[in-house]
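Can you read through this structure? Questions will come right after.
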Amino acid sequence: MKHTSIDTLKQLISLPAKTFAIIPHRNPDGDAIGSSLGLYHVLKQLGHKVEVISPNEYPNFLAWMPGTAAIKIYDFNKPAGQHILKNSDCIFTLDFNILSRTGDEMGAFLASLPNDFVMIDHHQMPGDYAKLTFSDTSFGSTCELLYSLLEQMDLTDLVHQEAATCIYTGIVTDSGSFRFPKTTAKTHQVVAALIEKGIDNPKIHHALFDNSSFNRLQLMGRALQHLHLIPDTQASYLYLNEEDLHEFSHQKGDTEGLVNYGLSISGIDLTAFFIERKEEGIIKISFRSSGNLDVNLFARTYFEGGGHINAAGGKSTLSLDETIQRYIDIVKQHKQDFYV
């Protein structure tokens with residue numbers, strides 16, 4: 001846990017009105033967008049001018065969230081995004097802890113700015129770019145951490161229904177619908193408080209999990225056809241190549257959660273999901289594990305990534321076949337080194 005004084009944060013967001021920018025990580029998920037918009041709504045309530053700038057597009061299955069229409073996409077208009085960032089009194093970074101998680105180009109631009117940064121995040125090994133750092137890996141989501149900070153500042157009365165909806169979305173997605181190990185009694189207490197704010201939790205669950213397109217289900221079927229076990233290792237992997245994505249008209253967010261199927265097999269404690277992105281020149285990788293197998297360390301060591309002990313991401317500039325073979329070789333030779 002790495003926390004700056006909560007009083008310093010409270011003083012920062014107190015009047016007079018200021019100009020704030022909020023940034024989630026690249027390829028944002030429910031926790032990144034939920035925490036960013038949750039903070040956005042609260043800061044607006046306090047009378048500040050606030051802009052949310054996402055490095056790239058957010059998934060379609062999050063487009064219903066209150067405030068998404070106000071999100072600026074950095075990739076779509078970089079000069080406008082840079083102007084906003086340069087002229088912000090402070091920049092909040094939500095759900096990531098190293099600037100490169102916004103992408104190489106945007107990360108380099110952020111690193112060049114003299115502005116003060118505030119980090120609010122729950123991942124391991126935070127960087128040191130922020131003037132104020134609130135980093136705590138004991139939380140299952142950045143949204144739950146954000147709510148805890150608002151509680152400590154006596155500001156939860158500003159969490160109206162729209163803000164509560166955003167914060168709840170991040171908690172439910174990053175907790176795996178409350179089934180992951182970091183779901184605590186306090187998590188459920190926070191959720192109870194959010195429901196009392198008037199959120200429609202059944203409607204949120206439907207929007208997140210029961211609203212798949214036909215093409216997404218077909219893409220899921222193709223990914224499951226590409227699900228493989230690595231003999232004698234308790235490991236698996238699945239993949240989608242560029243042709244699969246095109247065949248089923250892939251939309252951002254369509255592959256969300258598919259990696260978990262590789263971990264749902266009896267006896268498997270490590271899986272990886274490889275997605276070929278020829279336009280970006282990379283293979284995007286998601287890792288999942290169970291128990292005490294540290295995929296954060298695994299991803300950092302071999303695939304330029306990181307995350308949590310049981311959930312992490314990475315990338316490779318090798319071909320899809322070469323990347324998969326490298327993963328298989330590493331698993332066979334070094335998997336035992338990552339039990340903590």
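The values are calculated or read from the model by the stated rules, or taken from the named source; none is laboratory data. What you are looking at is a predicted structure, and each value in this text was computed from that prediction instead of being measured. Backbone-built Cβ (ideal geometry, glycine too); neighbour counts: all protein chains shown. These area figures cover heavy atoms from the full protein model, side chains too; ligands, DNA and RNA do not enter into them. Shrake-Rupley method; radii C 1.70, N 1.55, O 1.52, S 1.80 Å.
Have a look at 229, 295, 308 and report the one farthest towards the positive end of the charge dipole of the stretch 216-337, computed about the Cα centre with Cβ charges (Lys/Arg +1, Asp/Glu -1).
308
For the stretch 284-339, just say rounded, prolate or oblate: build the C-alpha gyration tensor, square-root its eigenvalues into a ≥ b ≥ c, call rounded for a/c under 1.5, and beyond that prolate if a/b exceeds b/c, oblate if not.
Cα axes put the stretch 284-339 in the oblate bin.
Then there is this: Compute, for residue 322, the solvent-accessible surface of its heavy atoms (probe 1.4 Å) with the complete set of protein chains present, and express it in square angstrom to the nearest 10.
Approximately 100 Å² for this residue.
With every protein chain present, what is the per residue accessible area of the stretch 3-210 (1.4 Å probe, Å²)?
On a per-residue basis, the stretch 3-210 sits at 41 Å².
Can you order the peptides 233-243, 327-337 by their average number of other Cβ atoms within 10 Å per residue, highest first?
Top to bottom by mean Cβ count within 10 Å: 233-243, 327-337.
On to the next question. With springs only between Cα atoms under 10 Å apart, run a GNM on the chain and tell me which of 203, 72, 44 wobbles the most.
203
Enumerate the calculated ³J(HN,Hα) couplings along the stretch 152-168 in order (Karplus 6.51 cos²θ - 1.76 cosθ + 1.60, θ = phi - 60°), each rounded to whole Hz, writing x wherever the residue is Gly or Pro.
Values, residue by residue: 5, 9, 6, 10, 5, 5, 8, 7, 7, 4, 5, 5, 4, 4, 5, 5, 4 Hz.
So, with a 1.4 angstrom probe, what is the percent of accessible area on the chain that is carbon and sulfur?
50 percent
In addition: Once the piece of chain linking residue 128 and residue 209 is laid out straight, how much longer is it, given 0.36 nm per residue of separation minus the C-alpha distance between them?
Additional length available on full extension: 25.6 nm.
Between the stretch 242-260 and the stretch 59-80, how many Å separate their Cα centres?
Cα centroid of the stretch 242-260 versus Cα centroid of the stretch 59-80: 20 Å apart.
Pulled fully out, how much extra length does the chain show between residue 201 and residue 5, if you take 0.36 nm times their separation in residues and subtract their Cα-Cα distance?
Length gained between residue 201 and residue 5: 67.3 nm.
Would you mind pulling out the separation of the Cα centroids of the stretch 212-228 and the stretch 114-149, in Å?
Their Cα centres are 35 Å away from one another.
Now, a different point. So for the pair residue 332, residue 116, with labels modelled 7 Å out along Cα→Cβ, what separation do we get in nm?
Placing both labels 7 Å beyond Cα along the Cβ direction yields 5.5 nm.
Here's something else I'd like to know. Would you calculate, for the chain, the mean residue ellipticity at 222 nm contributed by helices, counting each DSSP H stretch of 4 or more residues as -39,500 (n - 2.57) and dividing by all residues, to the nearest 500?
-11500 deg cm²/dmol
Can I ask one more? Starting from 0.36 nm per residue, how many nanometres of slack lie between residue 192 and residue 155 once their C-alpha separation is accounted for?
Between residue 192 and residue 155, full extension yields 11.6 nm more.
Let me ask you something else. Of the labelled options (i) 36, 26, 17; (ii) 33, 21, 20; (iii) 71, 23, 21, which one gives semi-axes √(5λ) of the Cα gyration tensor in Å as computed for this structure?
Matching the structure shown: (ii).
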